[in-house]
Amino acid sequence: MSNKTLNGECLCGEVSWQMSGPFEFFGMCQCSRCRKVTGAAFATNLFVKPEQFYWQSGDKNIKEYQMEPPSKFGNAFCKSCGSRVPRFSSFRGWMMMPLGSTMGLPDIKPTLVCPEDHTEWFTNLEEILNK
Ligand SMILES: [Zn+2]
Ligand SMILES: [Zn+2]
């Protein structure tokens, strides 16, 4: 594993962040919650330990939404442009990054989360990722 550094930012550029590897987990999820939160066929999230992550700018310009307990599902986004931004995840206490907002390539392969839950108007990623 390398200690590659990646940078990310929201659409307006107000919120930006940096993280360094080794990256713990790269999850792609097609579940209905991830589809709603992204507005897309699937979510791509990269996870790192909190000490491998820092805000470069705009961390005061973030709004966070948390679903009612016991759900641990939530969202965080830039108050100015609405782009998803990283948030602290209950998943092992790691920081979760929307990988689509990240410049550069992580040196880790994606893992499909919830393969059984996917849309009918887009291909099941399981077939692509397991080729
Ligand atoms: Zn923004
Ligand atoms: Zn999901």
Subject >> Percent accessible area from carbon and sulfur atoms, the chain, protein chains only, probe 1.4 Å >> reply: 54 percent
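Exposed loop sites here are GluC sites (Glu not before Pro) in DSSP loop states with at most 12 other C-beta atoms within 10 Å. What is the longest stretch of the chain lacking them? Let's see the in-between values first.
Details: sites that count: Glu116, Glu120.
After excluding every exposed loop site, the longest remaining stretch is 1-115.
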Subject >> Pairwise centroid distance, computed over Cα atoms, of segment 50-67 with segment 73-123, Å >> reply: 14 Å
Original post:
What pairs from Lys79/Lys109; Lys36/Lys63; Lys36/Lys79; Lys49/Lys72 go past 27 Å between their alpha carbons?
Top reply: Lys79/Lys109
**OP:** State log₁₀ I(q)/I(0) for segment 5-129 at q = 0.19, 0.23 Å⁻¹ as given by the Debye formula over alpha-carbon point scatterers of equal weight, solvent excluded.
**Re:** -1.10, -1.49
Original post:
Using 7 Å Cα-to-Cβ label points, what is the Cys114/Asn7 separation (nm, one decimal)?
Top reply: 3.3 nm
Original post:
Please state the relative contact order of the chain as a whole percent: Cα pairs under 8 Å, 6+ residues apart?
Top reply: 31 percent
Original post:
Tell me, what HN-Hα J-couplings in whole Hz come from the Karplus equation 6.51 cos²θ - 1.76 cosθ + 1.60 at θ = phi - 60° for each residue of segment 121-126, using x for Gly and Pro?
Top reply: 8, 9, 5, 6, 4, 4
Subject >> Under Karplus coefficients 6.51, -1.76 and 1.60, residue-wise ³J(HN,Hα) of segment 78-90 in Hz, glycine/proline x >> reply: 5, 5, 7, 10, x, 5, 5, 10, x, 8, 5, 10, 6
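Per residue, how much accessible surface does the chain expose to a 1.4 Å probe? Answer in Å², no decimals. Walk me through the intermediate numbers first.
On the way: 7520 Å² over 131 residues.
The answer is 57 Å² per residue.
Could you work out the local net charge near Ser80, counting Lys and Arg as +1, Asp and Glu as -1, over the other residues with Cβ closer than 11 Å to its Cβ?
Working: positive: Lys63, Lys79; negative: Glu14.
That sum, taken over residues with Cβ under 11 Å, equals +1.
The values are calculated or read from the model by the stated rules, or taken from the named source; none is laboratory data. Every value quoted in this text rests on a predicted model; they were computed, and no experiment measured them. When we count neighbours, we look across all protein chains shown, and the Cβ atoms used for this are built from the backbone with ideal geometry, even at glycine. Side chains are part of the model used for accessible areas, which takes the heavy atoms of the whole protein and leaves out ligands, DNA and RNA. Shrake-Rupley method; radii C 1.70, N 1.55, O 1.52, S 1.80 Å.
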